[in-house]
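Taking it in order: structure first as structure tokens, then the write-up.
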Amino acid sequence: MNQHFKSVFTSIKDLLPYLLLISIYFFFINIEARNEKDKNNKQQIKNVFNDNNLDVQDKIIRIKIPIIPYNK
């Protein structure tokens, strides 16, 4: 049983540099994806408000507010 844990530990220890590189890669990919998402959202908002062909009704942004009934 002890030998089994040793072999698992050594295999994890051998793979640690690769796992570290993969985690760093995905960390930076995640940051880049967030930046692209933010840019796209900002560009869409600018497009909605800068488009002069839209009617006033199309420029209105509605926010849904949950309504909780009052019970006595």
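The values are calculated or read from the model by the stated rules, or taken from the named source; none is laboratory data. Since the structure is predicted, the reported quantities are computational estimates derived from the model, not experimental observations. A quick note on method: Cβ atoms are made from the backbone with ideal geometry, for glycine too, and the neighbour counts reach across all protein chains shown.
Some values worked out for this structure:
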quantity	calculated
Test result for TYR70, part of a helix (DSSP H, G or I), modelled with pLDDT of 75 or more, exposed (fewer than 10 other Cβ atoms within 10 Å of the Cβ) and aromatic (Phe, Trp, Tyr)	no
Whichever residue in the stretch 37-57 is of a type in the set (D, E, K, R) and surrounded by 10 or more Cβ atoms within 10 Å (Cβ to Cβ) and, among such residues, is modelled with the lowest pLDDT	ASP51
First in the stretch 5-30 and in a helix (DSSP H, G or I), second anywhere and of a type in the set (Asp, Glu), Cβ under 6 Å, 6 or more apart	none
